Amino acid sequence: MASLRPVSSFDTHEVFNQPPPLEDINLFTSDLALAQAVRNAGGEGHRQRLAAMGARAGSQEVQAWGAEANRVLPVLETHDRFGRRIDEVTFHPAYHQLMDLGLSSGIASLAWQGEGAGHLAHSALMLLLSQADSGTGCPMTMTYAAVPALRAEPKVAEQWVPRITAGAYDPACRPAAEKAGVTIGMAMTEKQGGSDVRANSTRAEPTGEEGWYRINGHKWFCSAPMCDAFLTLAYAEGGLTCFLVPRWLPDGNRNAGFRVMRLKDKLGDRSNASSEIEYHGALAQRVGPEGRGVATIIQMVQHTRLDCVTGSAAQMRFALANALWHTAHRSAFQKRLVDQPAMAAVLADLALESEAATATAMRLAQAFDENDPLARLLTPIAKYWVCKRAPGMVYEAMEAHGGVGYVENGPMPRLFRQSPLNAIWEGSGNVIALDVLRAVAREPESVEALQAFLLAQRGKNATYDRFVAGIDLGRAREGTARLLVEQAALAAQAAILLGWDNPLADAYCALRLGQRGMAYGAFDAAVDCAAIIVRAMPQA
């Protein structure tokens, strides 16, 4: 028998001029923009916690969890092998490992435990872990954001908030009272209404037991259907009302009326199970007064929108890090790609966009910590802009890789598919723009807070001064609402950078507020591209 020869004997070439994997990198300490934004927003006390998460999220192990959780998709089991209805979803073990890492680190609980800068710590943790996987961020976000809505009903909050603030992940499908920690989902929209939740047809009837109702109807999107309970909307006698639907009832039995009909086959966000559900007499507890459902649930929505901003900033940062890493380790035409002037202009522009998004997310979280009226308008404005900028930026970072960026065993295709989601979730562009108009018309204190925030930075940059002078919040109409929000977002990002004496503030004003081309890297302003790239470059 002939001896087996090593494969290298048949090699036709040597593999070189290819970058090493971007792994085993501390995503916090190597991200100067994030570290400085956290410090500026008052979160220096959380630095050790964030550095620990940065090391874990950037490790080869956790990065592999993210890839596996998206490769092996969730599976719905409506019945057990004996024919009993169970409505359970099974996940790859990597999903549970990511959930455990996030919830045990305090992503859903820190903001409510009384520590200083809790929302900021939450947002920074989310920005770091989302660079390993975005899908698991959805149930963690909803769990975090459920707390202010649950507090509208003290008896319900007394039961459920301590389970959230336990800061633990327990994937078992069993009564919440028996678990170390819980997750909370939400199910709001219906086929016929979408964002118009007042068009919902789901109905709730009192059971006779105080605070309990039976719900009949459907929900078109129920994300993370293995959560322990779900905030939902249904019409009671007093009008559209918020309810909490538990998977298991207080008597230890399954809530048999909660049925998962199918899982959504989505473009991205594939590690997370999104579903269609029906309520067949499902038992639920009322949260807040009858007829106040939108006012109750909007407390949750405001916080989930914060995480939309943070999630998109995370995608932008990880796309940038990969583009910088690739171009720093690959050469063409006798130069490293990163040193080619045209590529350097693109990369510097991407770095500017990413840093502005990161700073915006952290400054917004600071406003939540301080209960600042600025948060009311800055939240939808930032949500609109940062989430809309993500897909174009992720694409440009993909292009910087060349053809290899389009190949599925690299990170860019998954990032690209994920990138549009946050602009759709919790209000698409038009919904967000109209929300800004409503706030401008009805909430003068939020308008005053935004105006004061923008005007406080006058005198630091002439381009900024001219740009802000042209913004008139009172003149916007539905047809021009997007333009108003875009202008306000650009001004707000510039104000954040100027207010924090960020070294990129003047470059941002020149490239985003002044006259420039539309494509990334299409500018003729005097910008030190090399310095911006050095600032943004990840260090393994």
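Which residue is surrounded by the most Cβ atoms within 10 Å (Cβ to Cβ), if the candidates are limited to region 196-251 and must be within 24 Å of P162 (Cα to Cα) and among the β-branched types (V, I, T)?
T232
Working carefully through the options A526, A505, find the one that is of a type in the set (A, V, I, L, M) and at pLDDT below 95. Let's see the steps before the verdict.
Details: A505 fails: at pLDDT below 95.
Just one listed residue meets the conditions, A526.
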For residues in region 452-483 being closer than 28 Å to D501 by Cβ, in a helix (DSSP H, G or I) and under 30 Å from the mean Cα position of the chain (by Cα), which is modelled with the lowest pLDDT?
L473
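Out of the residues in region 185-204 that are in a loop (DSSP other than H, G, I, E, B) and not hydroxyl-bearing (S, T, Y), which is nearest to the chain's Cα centre (by Cα)? Steps first, answer last, please.
Residues of region 185-204 in a loop (DSSP other than H, G, I, E, B): 188-196, 200-202.
In the following step, the residues that additionally are not hydroxyl-bearing (S, T, Y) were identified as 188, 190-194, 196, 200.
Numbers: M188: 18, E190: 23, K191: 24, Q192: 26, G193: 24, G194: 20, D196: 22, N200: 26 Å.
It comes out as M188.
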List every residue pair whose Cβ atoms lie under 8 Å apart, where the two residues are 6 or more positions apart in sequence or sit on different chains, the first residue falls within region 480-499 and is crowded, with 24+ Cβ neighbours inside 10 Å, and the second residue, located anywhere, is modelled with pLDDT under 95 and part of a helix (DSSP H, G or I).
A488/L473
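Quick one: how many residues across region 276-322 are over 19 Å from the mean Cα position of the chain (by Cα) and within 30 Å of G392 (Cβ to Cβ)?
Start the filter on region 276-322 by keeping residues that are over 19 Å from the mean Cα position of the chain (by Cα), which leaves 276-296, 322.
Pick out the ones that are also within 30 Å of G392 (Cβ to Cβ) and you get 322.
Residues that pass the stated criteria total 1.
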Would you confirm whether any residue within region 151-160 is buried (at least 21 other Cβ atoms within 10 Å of the Cβ), charged (D, E, K, R) and at pLDDT 95 or above?
yes
Keeping to region 415-432, report how many residues are part of a helix (DSSP H, G or I) and surrounded by fewer than 23 Cβ atoms within 10 Å (Cβ to Cβ).
7
Condition first: at pLDDT 95 or above, within 28 Å of A64 (Cα to Cα) and part of a loop (DSSP other than H, G, I, E, B). Now tell me which residues in region 23-49 satisfy that.
D24, I25, N26, L27, F28, T29, S30, D31
Which condition number in (1) free of Cβ contacts under 8 Å to residues at least 40 places away in the same chain; (2) not in a loop (DSSP other than H, G, I, E, B) is the one that V15 fails?
(2)
Could you give every pair whose Cβ atoms fall below 8 Å, whose first residue belongs to region 80-104 and is farther than 25 Å from A121 by Cβ and at pLDDT 95 or above, and whose second residue is surrounded by fewer than 19 Cβ atoms within 10 Å (Cβ to Cβ) and polar (S, T, N, Q), counting only separations of at least 6 or pairs across chains?
R85/T78; I86/T78; D87/T78
Members of region 248-277 found to be farther than 22 Å from K191 by Cβ and not in a loop (DSSP other than H, G, I, E, B), listed by number:
W248, R254
Considering region 68-96 alone, what residues qualify as being surrounded by fewer than 18 Cβ atoms within 10 Å (Cβ to Cβ) and in a helix (DSSP H, G or I)?
E68, R71, P93, H96
State which residue is farthest from S130 (Cα to Cα) when the search covers only region 362-414 and only residues that are surrounded by fewer than 22 Cβ atoms within 10 Å (Cβ to Cβ) and β-branched (V, I, T).
V404
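Among what's in region 433-451 and is in contact (Cβ under 8 Å) with a residue 60 or more places away in the chain and in a helix (DSSP H, G or I), pick the residue that is surrounded by the most Cβ atoms within 10 Å (Cβ to Cβ).
Within region 433-451, the subset in contact (Cβ under 8 Å) with a residue 60 or more places away in the chain is 439-440, 443, 445-450.
Restricting the remaining residues to those that are in a helix (DSSP H, G or I) gives 439-440, 445-450.
Details: A439: 20, V440: 19, E445: 12, S446: 20, V447: 18, E448: 13, A449: 19, L450: 25.
Per the criteria, the residue is L450.
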Here are the criteria: (1) outside any strand (DSSP E or B); (2) charged (D, E, K, R); (3) in contact with a strand residue (DSSP E or B) (Cβ under 8 Å, 6 or more places away or on another chain); (4) surrounded by 16 or more Cβ atoms within 10 Å (Cβ to Cβ). Tell me which single one R174 does not satisfy.
(4)
For region 466-479, name all the residues that are surrounded by 16 or more Cβ atoms within 10 Å (Cβ to Cβ) and over 17 Å from L377 (Cβ atoms).
F467
From the options A441, A361, A452, residue that is within 30 Å of E44 (Cα to Cα), out of contact with any helix residue (DSSP H, G or I) (no Cβ under 7 Å at 6 or more places or on another chain) and among the small types (G, A, S):
A452
A careful count of residues in region 252-271 that are touching a strand residue (DSSP E or B) at 6+ places or on another chain (Cβ under 9 Å) and either surrounded by fewer than 23 Cβ atoms within 10 Å (Cβ to Cβ) or polar (S, T, N, Q) (or both) gives 11
Starting from region 189-203, keep only residues that are free of Cβ contacts under 8 Å to residues at least 12 places away in the same chain, then list their pairs with residues that are among the aliphatic types (A, V, I, L, M) and in a helix (DSSP H, G or I) whose Cβ atoms are within a distance under 9 Å, requiring at least 6 positions of separation or different chains.
Q192/A199; G193/A199
I want to confirm something. Restricting to region 205-247 and keeping residues that are of a type in the set (D, E, K, R) and in a loop (DSSP other than H, G, I, E, B), which single residue is farthest from E178 (Cα to Cα)?
E237
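The values are calculated or read from the model by the stated rules, or taken from the named source; none is laboratory data. All of these numbers come straight from a predicted model, not from anything done at the bench. Counting neighbours? That spans all protein chains shown, and the Cβs are built from the backbone with ideal geometry, glycine included.
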